[in-house]
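What follows is a short report on a single structure.
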Amino acid sequence: MNRSMTVCVLGVAQALFVGGVSAQPTALAVDSAQSSIDLAVTLETLVGSRTDSDSAAMNGSMQIELDSYTSPTTITLIDYQLAAGSLSFFFDYSFLGTITATADNMSLAMPSGSTPVSGAVMPDGSFTVASVPVETAGTINVTGTGAAGSAVDGTSIDLATLAQDPIVVSGNVDVETGIVTVTIALPLESSVTDPDTGTVVTLAGTATVLAIGPVPEPTCAADTNGDGMVTPADFSAWVAAFNAMTPACDQNDDGACTPADFSAWVSNYNAGC
């Protein structure tokens, strides 16, 4: 494309541009080697109150969307499915005996059908997303010895019955060399009473999760510079593709790179993705 034609096309493009669109979602896999749940359990029984803590690795997946995969300013949490390994808690009541509580099949998830929630990303990559729906599952089974054990005999807590109030998720996002890394912290705070024994089980802790995934491939033909966004900068990229006769130039999918692809690119741009 010669200089006069480029100037002419640029002027037409500036007159036709309407606006850009957001980027696409990406799926992230949880790194279990760097993700864990740290949980403290307090038992309030007829023979007294005791607290113990334990931790376990977590695995699972997340789905997020960034408004830009180069310089994000907004993150949207679309889904998360997190599972923890078994946790064990021991409570010593001296001569009254002991109590052991085990948490199995514990999971945290965004309930099916939840509306995605967004938060601002700061220049350093930190973010906070408020009002995040959470659904807890799993069981805590309590056994014991002596008088203490008798006080809790048969106690079993279904974590799905815990209060499912929305939580505030804080974290950090980093995008480098085509890889998205997100670290989040999910607070865990709840309390439930076993109706049969009167034992009160209180949970307090944090799930810290690191998840990694690829920058999504552009699914929009108008995103000719491949940064995950549609902006006027893509016009310069289209001109470069036209001059080099590369595939990104072919906006009307006719297998050729011709001036007709300019009109097709403007149409693709305005249609959004």
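Accessible area per residue was computed with a 1.4 Å probe on protein heavy atoms; Leu43 scores about 0 Å².
With contributions of -39500 (n - 2.57) from each DSSP H run of at least four residues, the per-residue ellipticity at 222 nm computed over the chain stands at -5000 deg cm²/dmol.
When a 1.4 Å probe is rolled over the protein heavy atoms, the share of accessible surface on the chain that falls to carbon and sulfur comes to 54 percent. Between Met122, Met58, Met229, the residue with the greatest mean-square fluctuation in the GNM of the chain (Cα pairs under 10 Å linked by springs) is Met122. Probe 1.4 Å, all protein chains in place: accessible area of Ser118 in Å², nearest 10? Roll a 1.4 Å probe over it and Ser118 shows about 70 Å². Take every Cα pair under 8 Å whose residues are at least 6 apart in sequence, average their separation, divide by the length of the chain, and the relative contact order is 20 percent.
Segment 139-155 and segment 241-273 have their alpha-carbon centroids 70 Å apart. Taken over the Cα atoms of segment 184-239, the convex hull encloses 141 Å³ per residue. Thr181 sits among other residues whose Cβ lies under 10 Å from its own Cβ, and their net charge, with Lys and Arg +1 and Asp and Glu -1, is -3.
The Thr206 and Thr102 beta-carbon pair, evaluated with R₀ = 22 Å, returns a calculated FRET efficiency of approximately 0.65.
The values are calculated or read from the model by the stated rules, or taken from the named source; none is laboratory data. Computed from a predicted structure; not experimentally measured. No Cβ is skipped: glycine too gets one built from the backbone with ideal geometry, and neighbour counts run over all protein chains shown. With ligands, DNA and RNA removed, areas are computed over all heavy atoms of the protein, side chains included. Shrake-Rupley method; radii C 1.70, N 1.55, O 1.52, S 1.80 Å.
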